[in-house]
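In what follows, a single structure is set out as structure tokens and then discussed.
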Amino acid sequence: MSVDDTSPVSRGFVGRGRATAHAERIPPGQHVTGDFPVLSAGPTPHTSLEQWSFALRHGTERIAEWSWSQFQTLKQTRLTADIHCVTKWSKLDTRWEGVTIDTLFEAAGLVASPTSYVMAYADGGYTTNLPVADLMNSRALIATKFDHSPLAPAHGGPARLVVPHLYFWKSAKWVRGLTFIAEDKPGFWESLGYHMYGDPWKEQRYSGD
Ligand SMILES: Nc1nc2c(c(=O)[nH]1)N[C@H]1C(S)=C(S)[C@@H](COP(=O)(O)O)O[C@H]1N2
Ligand SMILES: [Mo]
């Protein structure tokens, strides 16, 4: 929506109208921000593209691994979605580009997932647990671009997981791979009391929610 300066309605009115128009897109307890806050539990790691790789692992087995240049040859998919941080900001219509988990599975020759859960792991030691089902059917990306530009290091560049239908802590920045795990177990924030699943529409912020 654009605001016309010659419009007879005041900006305040237009502002409320805009908020109301998006109300059904805002999960309970969230507010919309136009900014893109940076939330990191530690310093931003800087891995060169030459050193970077992305792997699918199962126990000690490496099912597949791609270098940065190999990763670029995989089918690239665009995803526009609303994101929701557990600290209560939501950002609408964020635009990402990268490789879907479906594409990774196909490229790895995986016809079925070896387990029902994965642990995403990242440079700097961050981890987060996810059901494999939540990563399939183009609902998740390993994103290398935001707003048509290479992903900024502070926001997870060179590559981050994006799973917009779950609270944004599940979208691991600086992601380097997925490890298939036989049983669900907590990652970094989940061990510190965050919810194991994190559905923003059910306000699954903390364990017990
Ligand atoms: N590796 C890593 N990934 C992370 C985090 C982190 O601290 N380290 N923070 C998470 C949290 S709590 C949120 S809200 C989002 C923030 O992403 P942003 O900094 O791009 O807004 O990244 C998630 N992914
Ligand atoms: Mo967060």
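FYI, it's all coordinate maths here, none of it is from the lab. What you see is a predicted model, and the numbers here were worked out from it, not measured in a lab. Cβ placement follows ideal geometry from the backbone for every residue including glycine, while neighbour counts extend to all protein chains displayed.
List of remarks:
- The packing ranking of peptides 128-140, 32-44, highest mean first, is 128-140, 32-44, where packing means the average number of other beta carbon atoms within 10 angstrom of each residue.
- Evaluated at q = 0.14, 0.23, 0.26, 0.28 Å⁻¹, a Debye calculation over the C-alpha positions of the range 118-189 (equal weights, vacuum) places log10 I(q)/I(0) at -0.39, -1.02, -1.26, -1.40.
- Alpha carbon centroid spacing (whole Å) that separates the range 67-127 from the range 20-63: 9 Å
- Each Cα pair under 8 Å and six or more residues apart adds its separation to the average, and for the chain the resulting relative contact order is 21 percent.
- Largest-first principal axis extents, alpha carbons of the chain, Å: 65, 40, 34
- Largest GNM mean-square fluctuation across Ala107, Ala154, Ala120, computed for the chain with C-alpha springs under 10 Å, falls on Ala107.
- Between amide H atoms placed 1.01 Å from N, distances below 5 Å from Thr77 occur with Gly98, Val99, Thr100, all of them 5 or more places distant or on a separate chain.
- Computed from the alpha carbon positions, the gyration tensor of the range 90-209 leads to an equivalent ellipsoid with semi-axes of 20, 19, 14 Å, biggest first.
- GNM top mover of Asp199, Asp93, Asp82 - the chain, alpha-carbon springs below 10 Å: Asp93
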